[in-house]
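Before I ask anything, let me first share the structure, which is written out below as structure tokens.
The values are calculated or read from the model by the stated rules, or taken from the named source; none is laboratory data. A quick note: this is a predicted structure, and the numbers were derived from the prediction, not measured. Glycine gets a Cβ as well: all are built from the backbone with ideal geometry, and neighbour counts include every protein chain shown.
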Amino acid sequence: MLNQNKAKVKKLEEELVILNKDRERLSLELSTLRLIISEINRGPDLDKILNLIMEKAVQIVEAERGSLMLFDPKKEELYIKSAVGLSKKIVSTVRIKPGEGIAGWVFKEGKPLLIEEGAKDPRFKEFENAQVKLKSIISVPLKIKDKVVGVINLDNKRKNGIFNIDDLQLLSNFANHVTIALENLRLHREIKEELKEHGLIHEIINSINSTLNLEEVLLKVVNSIREYFNYSICDILLLDEQNENLYFAATDGYSAKSRRNIRIKLGEGITGRVAVTGKPLVVPDVTKFEGYICSTKEVRSEITVPLKAGGEIIGVFNVESRKLSAFDEHDLRLLSILSVPVAIAIQNARLHQKMKNLAITDELTGLYNFRYLKEHLEEEVRRAQRYERSLALIMADIDHFKEYNDTFGHPEGNKALKSLANILKSNVREVDIVGRYGGEEFIIILPEAKQKQAQEIAERIRLKVEEYKFINNKDKDYPAETKLTLSLGVTSCFREVISPQGLIYKADQALYLAKRKGRNRVEVI
């Protein structure tokens, strides 16, 4: 009887020890969970939260080692985000593909595992540099909205080396708090990024709306977007006047000169395709895009968004990267948002330029009008006198133009004026200013041109006009082509004080002399 009582007492004492141990563990679990919840609510320091969870999990379950692995969707592999009891070398080198090893199996299947002898399990795989002896293993998937995002692993119970179902349940509870922390961090980052993007988009819009100069607008757009969002290359391509080709209107990340003369036909390449379909394209690997037009061997991925104004496509927004799969839905959404104010800014700048051009150009010929010629000549005279540089002026008049109009009619006369304007523009230097002085008279301002050079230009123009076939309406009473000639007067100034009116007077006198000497000639004063 006495022995039986002693046995019962001993059994009760053992049960009490177990109960006390279970109570201590439960108390530790509860205090740990409160601590974890407090850290989660305190802020978005994910590394701190994950390290705390792993430390407490290893401590409570009495494991030798533990690791928390997250999935990298771009590299399609699991990597160690937090670890206890593993060397830095193992943490930095171990990478696991879905389905590979025990952790890979748990990630792929989304199911927890409790294994008594890990090294004997058929799913076990020994990794290089991971020189550890495995006994018991528990591995639990990390799920956010039923999507597996990672795995928590613990191995080797410190005393008897075998984990039990309670250990697995505890690790599952911890896994739930890991996913809460990950989701909170994701939401916090999304909100933070969204607020940042809204601010940056607002800054970009303010920046591009600060000017109505088209070239400045386009440069501000590509510079701002590339700088703010850390893109490698940013371009704006616009449709030409014939709506047949795209040209690089602005670029950042390349030399603008290297792309100035590039033309892309509609439907060709990524940008040409978007310009035709009006639908954006995200290309993770440009080498796999059929018909890709290679601008540089460095480009690996590309995203292109159409620019629309009034329902019409006016060009495309193009961003390129030196990395594969550099762009995602986030970049597409961002560029799509920006494309609307950018297209509006482009149209506003174009409208402003059109209104400005109307104020300074002749409606019929497209040449500068008298008002612009007068203002620009005043400016050039001041510059020539200040810096002691030469300045030349050519005045031209169509010979017998009244007779041409009387014979063929004013519509044919207007066509002739347009043709003559094109001849004048195509036979002067890039810096020269060509304008319609009035009626059939024209003026050419030649900055820094000496008299001889101006005379040569005038003679070249005279010959081109003399050779040109001015086509009329092929009336049966008139020849199918009629020639016109031009009389030109040339003058210049160098180191002399002369007013713009004085310079025009001298050119007019030279023109008058050309008329008196028989027309279709160049005279110099």
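Among the listed residues Gly104, Gly99, Gly150, identify the single one that is assigned to a helix (DSSP H, G or I) and assigned by TED's automatic domain parsing to the domain that holds His177.
Matching residue, one of Gly104, Gly99, Gly150: Gly104.
Give the residue that is farthest from Ser325 (Cα to Cα), with candidates limited to residues of region 42-58 that are in contact (Cβ under 8 Å) with a residue 12 or more places away in the chain and out of contact with any strand residue (DSSP E or B) (no Cβ under 8 Å at 6 or more places or on another chain).
So, considering only residues that are in contact (Cβ under 8 Å) with a residue 12 or more places away in the chain and out of contact with any strand residue (DSSP E or B) (no Cβ under 8 Å at 6 or more places or on another chain), the one farthest from Ser325 (Cα to Cα) is Lys56.
Would you kindly identify the strands (runs of 3 or more DSSP E) lying entirely within region 241-353 that contain at least 2 residues that are of a type outside the set (D, E, K, R) and free of Cβ contacts under 8 Å to residues at least 60 places away in the same chain?
Fully inside region 241-353 and qualifying: 245-252, 281-283, 301-309.
Go over the candidates Leu424, Leu367, Leu338, Leu358 one by one and state the one that is modelled with pLDDT of 95 or more and of a type outside the set (Phe, Trp, Tyr).
Leu424
Among Ile115, Ile144, which is among the aliphatic types (A, V, I, L, M), modelled with pLDDT under 85 and under 21 Å from Gln169 (Cβ atoms)?
Of Ile115, Ile144, the one residue that is among the aliphatic types (A, V, I, L, M), modelled with pLDDT under 85 and under 21 Å from Gln169 (Cβ atoms) is Ile144.
Let me ask you something else. If we scan region 385-392, do we find a residue that is free of Cβ contacts under 8 Å to residues at least 12 places away in the same chain and either assigned by TED's automatic domain parsing to the domain that holds Leu513 or of a type in the set (D, E, K, R) (or both)?
yes
Restricting attention to region 375-400, which residues are crowded, with 16+ Cβ neighbours inside 10 Å and either within 42 Å of the chain's Cα centre (by Cα) or in a helix (DSSP H, G or I) (or both)?
His376, Leu377, Glu380, Val381, Ala384, Gln385
Can you tell me which residue in region 67-79 is surrounded by the fewest Cβ atoms within 10 Å (Cβ to Cβ), limited to those that are at pLDDT 90 or above and more than 12 Å from Gly104 (Cα to Cα)?
Asp72
Then there is this: Might you check whether a residue that is surrounded by 13 or more Cβ atoms within 10 Å (Cβ to Cβ), closer than 14 Å to Phe317 by Cβ and out of contact with any helix residue (DSSP H, G or I) (no Cβ under 7 Å at 6 or more places or on another chain) occurs anywhere in region 241-258?
For region 241-258, residues surrounded by 13 or more Cβ atoms within 10 Å (Cβ to Cβ), closer than 14 Å to Phe317 by Cβ and out of contact with any helix residue (DSSP H, G or I) (no Cβ under 7 Å at 6 or more places or on another chain): absent.
For every residue, the table says whether it meets (1) of a type in the set (S, T, N, Q); (2) outside the structural domain of His410 (by TED's automatic domain parsing).
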residue: Glu312; (1), (2): no, yes
residue: Gly315; (1), (2): no, yes
residue: Asp331; (1), (2): no, yes
residue: Leu334; (1), (2): no, yes
residue: Asn357; (1), (2): yes, yes
residue: Thr361; (1), (2): yes, yes
residue: Glu380; (1), (2): no, no
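Another question, then. From the list Leu424, Leu358, exactly one residue is aliphatic (A, V, I, L, M) and without any contact (Cβ under 8 Å) to a residue 24 or more places away in the chain. Which is it?
Going through Leu424, Leu358 in turn, just one is aliphatic (A, V, I, L, M) and without any contact (Cβ under 8 Å) to a residue 24 or more places away in the chain: Leu358.
May I pose another question? Kindly establish whether Ser136 is among the hydroxyl-bearing types (Ser, Thr, Tyr), at pLDDT below 90, on the phi < 0 side of the Ramachandran plot and outside the structural domain of Ala326 (by TED's automatic domain parsing).
yes
Listed residues Glu412, Glu363; which is part of a helix (DSSP H, G or I) and either closer than 29 Å to Ala309 by Cβ or not polar (S, T, N, Q) (or both)?
Going through Glu412, Glu363 in turn, just one is part of a helix (DSSP H, G or I) and either closer than 29 Å to Ala309 by Cβ or not polar (S, T, N, Q) (or both): Glu412.
Checking the conditions here, which among Val276, Val305, Val316, Val282 is touching a Leu at 6+ places or on another chain (Cβ under 7 Å) and farther than 21 Å from Leu334 by Cβ?
None of the other options fit; the residue is Val276.
Under the condition of being aliphatic (A, V, I, L, M) and in a helix (DSSP H, G or I), which residue from region 478-525 is farthest from His400 (Cα to Cα)?
Leu503
Within region 80-107, how many residues are crowded, with 16+ Cβ neighbours inside 10 Å and without any contact (Cβ under 8 Å) to a residue 12 or more places away in the chain?
0
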